[in-house]
Amino acid sequence: MLYSALAFLAGVCAFQALGALPGAAGYGLAAVLPGLASRRRWLRVAGIAAAGFLWCWWHAAERLAVELPAELAGQDLLVQGTVQGLPERGASERLRFRLQLERYRSHDGWRDLELPARISWYRDAPELGPGERWQLLLRLKQPRGLANPAGFDYERWLFAHGIRATGYVRSGGDNRRLPGAPVGWIARCRGYLAERIVAAAGSAESAGLLAALGVGERSGMQPAQWEVLRNTGTSHLMAISGLHVGLVATLVFAAVRKGWSRWGDVLRWPAPAVAAVAAMLAALGYALLAGFQVPAQRALIMVWLWMLALLWSARPDPWRVWGAALWAVLLLNPLSVLTAGFWLSFGAVAWILYLSLGRCGRASRWRSLVGLQMALVLGLTPLLWLWFHQVSVIAPLANLVAIPWISLLVVPVLLLALVALPLVAPLGELLLRAAEQLLVVVWWWLEWLASLPAVLVPLPLLPTGAVAVFGLGLLCLLAPKGMPLRLVGLLLILPAAALQPERAEQGDLWLTLLDVGQGLAVVLETRNHVLVYDAGPAYPTGLDSGATVVVPYLQQRGYRRVDRLVISHSDNDHLGGGEAVFRGLDVQRVQSGEPGAIAWARSSRCRAGQQWEWDGVRFEYLAPAQPQPAHGNNASCVLRVETADGRAVLLPGDIERSVENRLLATHWQRLGAEVLVAPHHGSGTSSTPGFVRAVAADLVLFPVGYRNRFGFPRAAVLQRYLRSGATVLDTAHSGAIQVRLVAGQSVQTDAYRDRVPRYWH
C-alpha cells in the first residue's frame, strides 16, 4: 500500500513538471500499464507511476477544457449563477466570493456558460449567502496572476481550486438576488455558525480567530494576526487541519465509549463499536464543516481506517493507513499536489511516523515533546523552503504551548459552543466567551514571541534538487539509533545549506524587472550592492507589491540590505510598495523625485548630475533638472547605469514628452542605452520619435499589467520601438524579466514565464 501510493504520487508529480499538455505521443505511457499485473516489482512500480501520470493528465485536461471564451473577456456580461462557499469580506469592504456561472445574456438571448469564477464586489456590496442565486453584471478575464521568482503563484492557486475565471461586479447593472431557496446546506450551516460567532464574540479580532478555528472561515482575520502566525510558525492552527479533525474524533470516541459503557447491561452493542461509529460520523461532519480541504480529507480517511480496524478488532499499521489516505486523496483529486496544504499535511504525519521508528527510550514527557517539536520543525524545513522560502526559528517553542492549548482547551470549548448555539443560545454564547478568553491567553504568548527580533529567517531560492538533498540529509541525521547514517546526513546537509545565489561579477550589471501588474519595480545588482528603483503599487484591499513581490525576491536572492531605494515619483504604482520594502529590509538611503510624498522614511531629492560608482558600475541621474519641474510624472528620477565595458541601462520612470525633449536638448549624448525600461509604461504621451532614436535601445521592456485599463503599451508606441530594430518584452506576457550585462557577452535575457512554463498558463 505504501510503496504503491508513493509510486502513484511520483507519476502525478512528474505530470506537474510539464510546461504544456502532452501530445498524442504521451499516450505511449499506457504501454507500461500492463506492468501493474507483473510479479516484478520494478514493472509494477513503473505501471503505477504511469497510471498516476495518466490519471492526472485526464483531470488536468478536463479542468482546462472549461474556460472563458476569449471574445467574452473584458466585456460587460449579465450573468446568472450560484454563490458557492462562504463569501469573504476583506479590507475596504471588498467582498470576494466564488460564483458558479450558469448562463449569460447575449444579443440573441440567454446562453449557457458553466464556469466557476472568483468574483470581487468592491463598492456597496450586499450580504451574500452561500447557495443563493444572483444575477450580476460582471467583467471577467481568464485566470491570471503575477509571475515572479519566489512569488505567490496565483494562477496555480486558481487552477488547483478549479477557478477558471476572475472578475468583478460592475455598478449600474441589474444586480439582484434571484428567487428560490438557497442550495448547499453545508455551506449555509457554516455561514450561520460564522455569523453567530461574530455576533457573540467580544471583539472583531477574536471573532476572526474563532471563526477560523470553528468553521474554517478566515476572511475576518486581520493582516497583523496573520503576521503573528507566520512569525511563530503557527499558521496551521488557523486552518482546520488534520490535527483538529483527529482531535474531534478522539474526544467523541472517548466520550461515547465512557457513556455507552454504563448501558452495557441494557444494550447489546459493545461500547467500542458504538464509539468508533460515532467518532467516524463526528470526523466526517467536522471535515465537511471545515470546507473539506486536503488536510481534513487526509485526517478523515485515516480516522475512518483506524476506526474500521477497531470494529474488526485489528491493529492497523500506521504507514499502511498513511498510504491508504494518500491513495484516496490522489484518486479523488490528483491536482491537490499543487497546494501547500497537501504536502505539509502528509509530510507532517509521515515525519512524525518516521521519528517514532525505533525510539522507545525513557525520556521524560516534556523532553519528548520538546524534542518532537524541534525535530518536526526541522523535518518540515525542506517543504517550507520550497513553498514559502522562509522558516520561523521560534516555531518549536511557539507550537509547544499553542498546539496543546488550542487543541485541548480552545477547540473543544468552541465546538461545544457551536453545538449549543442553535439549541440553547445563552449557553452557547457563554461557552463561546470562555473559548475567547482561553484564546486571548495563548494569543498574548504568540504576540510576544512574534515581537522578538529576527524570528523569521528567509531562505534563498535554490534548485529543487539542492533542497531535496538537504531533506535527505535530515532523514539521515535524525534516523533511529543504531542506523549509521548521521555522518552521511551531515555531509548532505552542509553543502546544500552553504549554497548561495549567484552574484554579478565586478563591473557587470544585473537587472530584474519584476512583475507587479500595472506598476514598476526594478532591482539593479552589482557585485556587492543592490538598488531598488520603484516598488510597485499598494492597494486599500491589502495587496502590497513591496511585501508580496519585491521583498520576497530580494530575500530569496540573499539580500538583507538595500543600498539605495529610488522612488521615481509619487504615483501609487511606483511609490505604494516602498514602505513595505523600507520596513522589511535594511534600506541605507531613500531618494525620490518627490521626497515630500514619502512619509515613512527620510529621503532626499534626486537631481540631474548626481552620480556614484559601485563595483566598477557608474550610476547617474539625468533628471529632474533644477529648478524642480512640475509634480507628477515629469518629476521622475531618470537614472542611467553604465557597466565597466560601456553598456548602459536607462530608467526614465514616467516622464512624458516635455521632459524627453529637455533631455534631448541637454543630455542627448548620454541617452544611448542597450536596455530601456519604456517611459510611462508605453503611454502615448511619451516615447517620442526623437527620444526613441536617441536612446537606440536594443532591448525595450514594458512594465504593464495584463489587460490593463489604459491599453499600455499603446500600439503606436510599440510599433515605434519595433521599427527602430529593438526587441520588446512586457511583464504582462513574460512575467519578471531578468537582464544581465556581462563583459564580453551579448545581453542575456530571461523571461520567467518562458523559463518556468506551466501547462495551466
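Nothing in this text is a laboratory measurement; each read-out follows from the coordinates by a stated rule. All of these numbers come straight from a predicted model, not from anything done at the bench. Note: ideal-geometry Cβ built from the backbone for every residue, glycine included; neighbour counts use all protein chains shown.
How do 658-667, 698-707 rank on mean C-beta neighbours within 10 Å, highest first? Present the calculation step by step, with values, prior to reporting the outcome.
Values: 658-667: 17.7, 698-707: 21.7.
Packing order, densest peptide first, comes out as 698-707, 658-667.
For the chain, find the longest principal axis of its Cα atoms and tell me its angle to the long axis of helix 365-388, 0 to 90°, nearest 10.
40
Mind ranking 508-515, 718-725 by how tightly packed they are, going by the mean number of other C-beta atoms within 10 angstrom, highest first? Could the numbers behind the result be given before it?
Details: 508-515: 26.0, 718-725: 14.9.
For the peptides 508-515, 718-725, the packing ranking is 508-515, 718-725.
Just to be sure I understand: of the beta bridges DSSP finds with both ends in the chain, what percent are antiparallel, rounded to 5?
Values: 67 of 90 bridges.
Bridges in the chain are about 75 percent antiparallel.
Hey, can you rank 534-545, 741-752 by average C-beta count inside 10 Å, highest first?
Working: 534-545: 22.4, 741-752: 15.1.
Ranking, from highest mean packing down: 534-545, 741-752.
Are there GluC sites (Glu not before Pro) in region 1-88 that DSSP marks as loop and that have at most 16 other Cβ atoms within 10 Å, and which are they?
Values: sites: Glu62, Glu67, Glu71, Glu88; in loops: Glu67.
Hits after loop and neighbour filter: Glu67.
Only helical DSSP H runs with n ≥ 4 go in: add -39500 (n - 2.57) per run for the chain, normalise by residue count and round the 222 nm mean residue ellipticity to 500 deg cm²/dmol.
Working: 25 runs with 326 residues, N = 761.
One gets -13500 deg cm²/dmol as the mean residue ellipticity at 222 nm.
So how much slack lies between Asn572 and Leu178, counting 0.36 nm per residue of separation and subtracting their Cα-Cα distance, in nm? List each step's numbers first, then the result.
On the way: separation 394, 0.36 × 394 = 141.84 nm, distance 3.89 nm.
Length difference between fully extended and current span is 137.9 nm.
Go ahead and run the numbers for FRET between Arg607 and Met374, Cβ-Cβ distance against an R0 of 60 Å, rounding to 0.05. Don't jump to the answer; show the numbers that get you there.
Details: r = 54 Å, r/R0 = 0.90.
With a Förster radius of 60 Å, E is 0.65.
So how far, in whole Å, is the C-alpha centre of region 295-334 from the one of region 548-567?
After rounding, the separation between the Cα centres reads 44 Å.
For a footprinting-style exposure proxy, rank His761, His631 by other Cβ within 10 Å, fewest first.
Numbers: His761 17, His631 13.
Fewest-to-most Cβ neighbours within 10 Å comes out as His631, His761.
Cα centroid distance between region 162-186 and region 494-517, in Å?
45
Using only the alpha carbons of region 2-65, determine the length spanned along each of the three principal axes and report them from longest to shortest in whole angstroms.
Result for region 2-65: principal-axis Cα extents of 38, 23, 17 Å.
Mind listing which trypsin sites (Lys or Arg not before Pro) in region 471-542 are in a DSSP loop and have 10 or fewer other Cβ atoms within 10 Å? Walk me through the numbers on the way to the answer.
Details: sites: Lys481, Arg486, Arg503, Arg527; in loops: Lys481, Arg503, Arg527.
Those that pass, being in a loop and sparsely packed, are Lys481.
Loop only by DSSP, 12 or fewer other Cβ within 10 Å of the Cβ. Give me the trypsin sites (Lys or Arg not before Pro) in region 548-624 that pass, ordered by residue number.
Working: sites: Arg557, Arg560, Arg561, Arg564, Arg583, Arg589, Arg602, Arg605, Arg607, Arg618; in loops: Arg557, Arg560, Arg589, Arg602, Arg607.
Qualifying residues, ordered by number: Arg560, Arg602.
Compare the Cα positions of Gln591, Leu386, Thr666 along the charge dipole of the chain (+1 at Cβ of Lys, Arg; -1 at Cβ of Asp, Glu; about the Cα centre) and return the one farthest towards the positive end.
With unit charges placed on the Cβ atoms, the residue in question is Leu386.
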